Amino acid sequence: MSVNRLVSGQAFPDVSVPLVGGGEMTLGKPKEGKDWQVVVVFRGKHCPICTRYLGEWNAALGKLAEIGVDFVAVTADTGARTQEQIAALDLGFPVGYDLSETDMARLGLYASQPRNEREGERPFSEPGLFVVNGDGVLLIADISNVPFARPAVSDMVNGLGFIKDPANDYPIRGTHVYAS
């Protein structure tokens, strides 16, 4: 079995998904005058931890805007299930759906087979978080195979503020990957 691993400092893959509410978005392309983008991949409607995590990111949008960071979220779930999941959240960021198995693999994500109808009818992605700069370069990648192992939103926002500050001269980390 071959496993794809994204390497920081390299180009983020070109992945586009449909948006809840219509249209399409390309992941890793900052909008609204911001120069970086956080992309969070979430499991789907069946996951209350994902719903809570999206709400935490929504609460941090003001701080992200202050440091010039855009935010989007995406799931492999269907459009109808995604709309149901986020309907009560009043999110201030775009949410994409129908992330394909091919794109999950391109992003190096773990995937799980649904155990029952509640989890959906097709494989879904486990959590992932990526930070991409305006040049399309991957700066941060965090991949998990379980819903409860994700970076804390406050730690991410504080860390992004630190590494974006030119005075800190923070380099891209993790640019070397060892093959087994």
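The values are calculated or read from the model by the stated rules, or taken from the named source; none is laboratory data. Just so you know, these numbers come straight off a predicted model, no measurement behind them. Cβ atoms come from the backbone with ideal geometry, glycine included; neighbour counts cover every protein chain shown. To get the accessible areas, we keep the full protein, side chains included, count just its heavy atoms, and leave off ligands, DNA and RNA. Shrake-Rupley method; radii C 1.70, N 1.55, O 1.52, S 1.80 Å.
Assorted remarks:
- Per residue value of the accessible surface for region 108-180 (all protein chains in place, 1.4 Å probe), Å²: 61
- Cα gyration tensor, region 105-180 - rounded (a/c under 1.5), prolate or oblate: prolate
- Taking 0.36 nm per residue of separation and subtracting the Cα-Cα distance, full extension of the segment from Glu56 to Asp135 would add 25.7 nm.
- Measuring between their Cα centroids, region 107-180 and region 8-56 lie 11 Å from each other.
- Rounded FRET efficiency, nearest 0.05, which uses the C-beta distance separating Lys29 from Phe162 and R0 of 35 Å: 0.90
- Accessible-area rank, largest first, for Lys29, Lys164: Lys29, Lys164, with all protein chains present and a 1.4 angstrom probe.
- Net charge contributed by nearby residues that have their C-beta within less than 13 Å of Glu119 (K/R +1, D/E -1): +2
- Net charge over other residues, Cβ less than 14 angstrom from the Cβ of Trp57 (K, R count +1; D, E count -1): -2
- The length gained by stretching the chain between Glu121 and Ala65 to full extension, at 0.36 nm per residue less their Cα-Cα distance, is 16.5 nm.
- For Asp77, neighbours were defined as the other residues whose beta-carbon sits under 14 Å from its Cβ, and their charges (Lys and Arg +1, Asp and Glu -1) total -3.
- Share of carbon and sulfur in the accessible heavy-atom surface of the chain [1.4 Å probe, %]: 49
- Computed over protein heavy atoms with a 1.4 Å probe, the accessible surface of region 1-107 works out to 47 Å² per residue.
- Debye-sum result for the chain in log10 I(q)/I(0), which assumes one identical scatterer on each alpha carbon, at q = 0.08, 0.12, 0.14 Å⁻¹: -0.23, -0.53, -0.73
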